[in-house]
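Chemist: Here it is, the structure in full.
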Amino acid sequence: MENIKLIKNNAPHIRVKKSTTTVMLDVIIAMLPAMAAAIYFFGIRSLWLTLVTVAACVISEALVQKALVKKVRVKDLSAVVTGMLLAFNLPVEYPFWMAIVGGVFAIVIVKELFGGIGQNFLNPALAARIFLMVTWPAEIGTFTYDGVAGATPLGGRPASLVDLFIGNIPGTIGEVSKLAILIGCAYLVVRGVIKLRMPLVYTLGCAVFLYIFKYDLADTLYQLLSGGIIFAAVFMVTDYSSSPMSKQGKVIYALGAALLTVVIRLWGAYPEGVSFAILIMNAFVPTIDRYVRATVFGTGGKK
């Protein structure tokens, strides 16, 4: 006992190999199936649009961090993820210069001016999409497929459940193929980047509210496979920075987003309610974290 040395270090004492860069790389890899599906269904312009938004996000992040005399952190790949998410929320023929404006807005206004990664309370890509939607509504609502402009399934274009699932429909480039999104989801779960709790609660919440408020089972399934519900469940609702910390808080957050998504779809001015719903719930995250707290280690259990 006399020879035992006690070494005291600051927390955390449990360390893992994951870092921001590895997590973001996993998210990028998980989005590659959706990228491949977009190129297959919409053509190579899907790739160019994604590269444009990624470049806008990466360059604007480097410039603003230099201007604010901060460490340039573009190597953490978070700006790349933001750029990809923004592009995946745009139609394939969206003008490049508008996409660049959206990328700059996402990084400079929503992310960096609030302190950078981990401190932004809004999802940058969704906030940029809403900004573009409000500023240039005609362009973001114009969808083409096979070179012909037309409505999406949410806008009245009929489609089979098979086409909705594989992505053979008009829509934003990242949301159409539910098969590709689910492949990405499986990868993120296996890698331990996300847990299924929030995606399942959000998706099932949307299904329950759609069924209660208006639709039968067949039409509810049609609604789930139309628009951005599945994409948002995997890549948006699970965003670390803009979602609650506790398990109970995550459930409340996902259910709130589901309810708002359905309410906006059914009674709002827009056929899609995902972006608005998640951004609204982003604003409630500090309140949720305040009143719904995780159990402090060492204080739980029976007394």
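The values are calculated or read from the model by the stated rules, or taken from the named source; none is laboratory data. Bear in mind the structure is a predicted one, so any value in this text is a computation, not a measurement. Here the Cβ is made from the backbone with ideal geometry for all residues, glycine too, and neighbour counts use every protein chain on show.
Chemist: Among the aromatic types (F, W, Y), more than 23 Å from Y222 (Cβ to Cβ) and under 20 Å from the mean Cα position of the chain (by Cα) - does that describe any residue in the range 112-123?
Modeler: yes
Chemist: Would you tally the residues in the range 49-83 being assigned to a helix (DSSP H, G or I), surrounded by 15 or more Cβ atoms within 10 Å (Cβ to Cβ) and not aliphatic (A, V, I, L, M)?
Modeler: Of the residues in that region, 10 qualify.
Chemist: Residue by residue through the range 226-260, note down the ones that are among the charged types (D, E, K, R) and either touching a residue at least 60 places away in the same chain (Cβ under 8 Å) or within 18 Å of L86 (Cβ to Cβ) (or both).
Modeler: D239
Chemist: Can you say whether Y215 is hydroxyl-bearing (S, T, Y), surrounded by fewer than 19 Cβ atoms within 10 Å (Cβ to Cβ) and under 22 Å from V23 (Cα atoms), as far as the supplied structure shows?
Modeler: On the way: hydroxyl-bearing (S, T, Y): yes; surrounded by fewer than 19 Cβ atoms within 10 Å (Cβ to Cβ): yes; under 22 Å from V23 (Cα atoms): no.
Considered against the rule, which asks whether it is hydroxyl-bearing (S, T, Y), surrounded by fewer than 19 Cβ atoms within 10 Å (Cβ to Cβ) and under 22 Å from V23 (Cα atoms), Y215 comes out as no.
Chemist: To continue, here is another question. Please verify whether the range 226-233 includes one or more residues that are within 25 Å of L32 (Cα to Cα), β-branched (V, I, T) and outside any helix (DSSP H, G or I). Reasoning before the result, please.
Modeler: Quick first cut of the range 226-233, residues within 25 Å of L32 (Cα to Cα) only: 226-233.
Pick out the ones that are also β-branched (V, I, T) and you get 229-230.
The next check asks that each one be outside any helix (DSSP H, G or I); those that pass are none.
No.
Chemist: If you check every pair at least six apart or on different chains, which have Cβ atoms under 6 Å apart with a residue in the range 92-107 that is part of a helix (DSSP H, G or I) first and a residue that is among the polar types (S, T, N, Q) second?
Modeler: A99/T53; G103/T53; V104/S60; A106/T82; I107/S60
Chemist: What's the number of the only condition in (1) among the aliphatic types (A, V, I, L, M); (2) more than 17 Å from the chain's Cα centre (by Cα); (3) not in a helix (DSSP H, G or I) that A138 fails to meet?
Modeler: (3)
Chemist: Another question, if that's okay. Can you report the number of residues in the range 180-212 which are surrounded by fewer than 15 Cβ atoms within 10 Å (Cβ to Cβ) and small (G, A, S)?
Modeler: Within the range 180-212, residues that are surrounded by fewer than 15 Cβ atoms within 10 Å (Cβ to Cβ) and small (G, A, S) number 2.
Chemist: Please pick out the residue among Y211, Y253, Y187, Y222 that is in a helix (DSSP H, G or I), over 26 Å from P271 (Cβ atoms) and of a type in the set (S, T, Y).
Modeler: Y187
Chemist: Next question, about the same structure. Of the residues that make up the range 184-207, is at least one without any contact (Cβ under 8 Å) to a residue 60 or more places away in the chain and among the aromatic types (F, W, Y)?
Modeler: Yes, because at least one residue in the range 184-207 is without any contact (Cβ under 8 Å) to a residue 60 or more places away in the chain and among the aromatic types (F, W, Y).
Chemist: Moving on. So is T238 at pLDDT 90 or above, closer than 21 Å to I140 by Cβ and either surrounded by 23 or more Cβ atoms within 10 Å (Cβ to Cβ) or basic (K, R) (or both) or not?
Modeler: On the way: at pLDDT 90 or above: yes; closer than 21 Å to I140 by Cβ: no; either surrounded by 23 or more Cβ atoms within 10 Å (Cβ to Cβ) or basic (K, R) (or both): yes.
Answer is no for this residue.
Chemist: Follow-up question, since we're still on this one. Of all residues in the range 25-59 being at pLDDT below 95 and over 18 Å from L182 (Cβ atoms), which is farthest from the chain's Cα centre (by Cα)?
Modeler: Within the range 25-59, the match that is farthest from the chain's Cα centre (by Cα) is G43.
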